[in-house]
Amino acid sequence: MAENPCGKCGTSNAPQAKFCGSCGASLIPPAYTPPPPAPDYMGPEPQPAPAPGGSNTKAIVSLVLGIMSVFCCGFLSGIPGAIVGKMEMDAVKQGRSPESNMGMAKAGFWISIAGSVLSILWLVLILFFGLLSALPAFH
């Protein structure tokens with residue numbers, strides 16, 4: 001006759017017994033209970049998805065406006081070019097635009113600044129020499 005030992009007190013019991021005759025503990029092995037699920041891990045706050053890798057429209061606009069400020073439009077296109085370039089550099093730093101835009105945005109920003117400064121200096125020189133030529137001593 002096979003024995004059915006009690007897991008609590010070790011007493012031998014009949015094979016068909018469901019409870020220990022000595023201590024009353026259950027002789028039926030407990031059903032498998034899986035461990036409780038781990039608490040949901042949400043991870044860090046989701047960041048806004050960056051634009052696709054080839055999307056650098058604002059960087060291109062800044063660069064074109066900067067080039068225009070150097071060669072023809074002066075500060076009229078240089079100031080907007082610098083603003084758009086700065087906006088794009090901030091977007092790259094915040095992760096809203098791809099890293100590949102940073103170089104072109106910086107170039108557009110600085111070329112726009114340079115074009116604006118050059119055009120303002122040019123206007124100051126024109127005004128200075130215009131006023132200088134209007135003086136009676138130079139007629």
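Values in this text are rule-based calculations from the coordinates and carry no lab data. Small disclaimer: the values here were computed from a predicted structure and weren't measured. Note: ideal-geometry Cβ built from the backbone for every residue, glycine included; neighbour counts use all protein chains shown.
With a point put 7 Å past each Cα toward its Cβ, work out how far residue 93 is from residue 117 in nm, to one decimal.
Going by the 7 Å Cα→Cβ label model, 2.0 nm.
In nm, give the distance between the simple-model label positions of residue 60 and residue 100, each being 7 Å from the Cα along the Cα-to-Cβ direction.
About 1.2 nm, to one decimal.
Per DSSP H run of n ≥ 4, the term is -39500 (n - 2.57); total these for the chain, divide by its residue number, and report the mean residue ellipticity at 222 nm rounded to 500 deg cm²/dmol. It would help to have the intermediate numbers written out before the result.
On the way: 3 runs with 64 residues, N = 139.
It comes out at -16000 deg cm²/dmol, rounded to the nearest 500.
Would you mind getting me the FRET efficiency between residue 11 and residue 33? Use the beta-carbon distance for r and R0 = 30 Å, nearest 0.05. Mind dumping the intermediate values first?
Values: r = 26 Å, r/R0 = 0.86.
Result of the calculation: an efficiency of 0.70.
Amide H of residue 4: which non-local residues (sequence gap of 5 or more, or other chain) have their own amide H closer than 5 Å, using H built in the peptide plane?
Amide H neighbours of residue 4, under 5 Å, 5+ apart: 13.
May I have the extent of the alpha carbons of the chain along their three principal axes, as whole Å values ordered from largest to smallest?
The Cα atoms of the chain stretch 135, 27, 15 Å along the principal axes, largest first.
Per residue, what volume in Å³ does the convex hull of the Cα atoms of segment 57-138 enclose? Mind showing how you got there, number by number?
Details: hull volume 5.4 nm³, N = 82.
Convex hull of Cα atoms, per residue: 66 Å³.
For a Förster distance of 25 Å, can you work out the FRET efficiency between the beta-carbons of residue 133 and residue 79, rounded to the nearest 0.05? All intermediate terms of the calculation are to be shown ahead of the outcome.
Working: r = 30 Å, r/R0 = 1.18.
Here the calculated transfer efficiency is 0.25.
How much length, in nm to one decimal, is gained on full extension between residue 125 and residue 107, taken as 0.36 nm per residue of separation minus their Cα-Cα distance? Don't skip to the end; give the middle numbers.
Working: separation 18, 0.36 × 18 = 6.48 nm, distance 2.67 nm.
In short, 3.8 nm is gained.
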